[in-house]
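Engineer: I'd like to ask you about the structure that follows.
Every read-out reported here was derived from the displayed coordinates using simple, explicitly stated rules and does not represent laboratory data. Note that this is a predicted model, so its numbers are computed, not measured. Here the Cβ positions follow ideal geometry from the backbone for every residue, glycine too, while neighbour counts run over all protein chains shown.
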Amino acid sequence: MPMPPPYSPIVRAGDWLLVSGQIGLAGGAMVTGGVEAEFRQAVANMTGLLVGEGSSLAAVCKTTVFLRHMRDYPIVNAAYAELFAEPYPARSAFAVSELPFVALVEIEAWAYVGS
């Protein structure tokens, strides 16, 4: 039996929720359909973590997006605009050489849950 990874998927720090990087895993396997499908699943995974802490995607103030291929940026950007509402969270995006499970995209977030 594999050891669980040595990190928490979501951590509360005062008025903040910090969501660890999420990839397009569903049911223990990567979703099919390319970078857009993976990104949508990663955001769904993030949403589930936030809801589990009594929050929502609307509380997200900052995201970081990691892409295996910067050429996928326009695809992810279009999906991001659909999944997040204005005013959009602050965001950074980086190309990386490799992601867990050979993912094409990963997203992490900070959500403010204070008053």
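Engineer: Any idea which of (1) assigned to a loop (DSSP other than H, G, I, E, B); (2) in contact with a Ser or Thr (Cβ under 6 Å, 6 or more places away or on another chain) is the one Glu98 doesn't satisfy?
Structural biologist: Of everything listed in (1) assigned to a loop (DSSP other than H, G, I, E, B); (2) in contact with a Ser or Thr (Cβ under 6 Å, 6 or more places away or on another chain), Glu98 misses just condition (2).
Engineer: Further question on the same structure: What is the residue count in segment 22-58 for residues that are in contact with an Asp or Glu (Cβ under 7 Å, 6 or more places away or on another chain) and closer than 19 Å to Tyr112 by Cβ?
Structural biologist: Total meeting the criteria: 1.
Engineer: Can you name every one of the strands (runs of 3 or more DSSP E) wholly within segment 1-86 that holds 1 or more residues which are in contact with a strand residue (DSSP E or B) (Cβ under 9 Å, 6 or more places away or on another chain), under 20 Å from Glu98 (Cβ atoms) and polar (S, T, N, Q)? Spell out the reasoning first.
Structural biologist: Working: elements: 10-13, 16-22, 60-67.
Strands (runs of 3 or more DSSP E) meeting the threshold: 16-22, 60-67.
Engineer: Listed residues Ala78, Ala90, Ala95, Ala85; which is out of contact with any helix residue (DSSP H, G or I) (no Cβ under 9 Å at 6 or more places or on another chain) and surrounded by fewer than 17 Cβ atoms within 10 Å (Cβ to Cβ)?
Structural biologist: Selected residue: Ala90, the only one of Ala78, Ala90, Ala95, Ala85 that is out of contact with any helix residue (DSSP H, G or I) (no Cβ under 9 Å at 6 or more places or on another chain) and surrounded by fewer than 17 Cβ atoms within 10 Å (Cβ to Cβ).
Engineer: Before we move on, is Glu38 closer than 13 Å to Ile107 by Cα, among the acidic types (Asp, Glu), out of contact with any helix residue (DSSP H, G or I) (no Cβ under 7 Å at 6 or more places or on another chain) and surrounded by 15 or more Cβ atoms within 10 Å (Cβ to Cβ)?
Structural biologist: yes
Engineer: Is there any pair linking a residue in segment 5-16 that is touching a residue at least 60 places away in the same chain (Cβ under 8 Å) to one that is loosely packed, with under 12 Cβ neighbours inside 10 Å and assigned to a loop (DSSP other than H, G, I, E, B), with Cβ under 6 Å and at least six apart or on different chains, and which?
Structural biologist: Cβ pairs passing all conditions: Asp15/Gly114.
Engineer: So for segment 107-114 (the condition being more than 12 Å from the chain's Cα centre (by Cα) and in a loop (DSSP other than H, G, I, E, B)), does at least one residue qualify?
Structural biologist: Yes, segment 107-114 has at least one match.
Engineer: What pairs can you find where one residue is in segment 28-54 and within 19 Å of Arg71 (Cβ to Cβ), the other is part of a helix (DSSP H, G or I) and among the acidic types (Asp, Glu), and their Cβ atoms are less than 7 Å apart, with a gap of 6+ or different chains?
Structural biologist: Val35/Asp72
Engineer: Looking at segment 19-26, can you tell me whether even one residue there is surrounded by 18 or more Cβ atoms within 10 Å (Cβ to Cβ), polar (S, T, N, Q) and under 13 Å from the mean Cα position of the chain (by Cα)?
Structural biologist: yes
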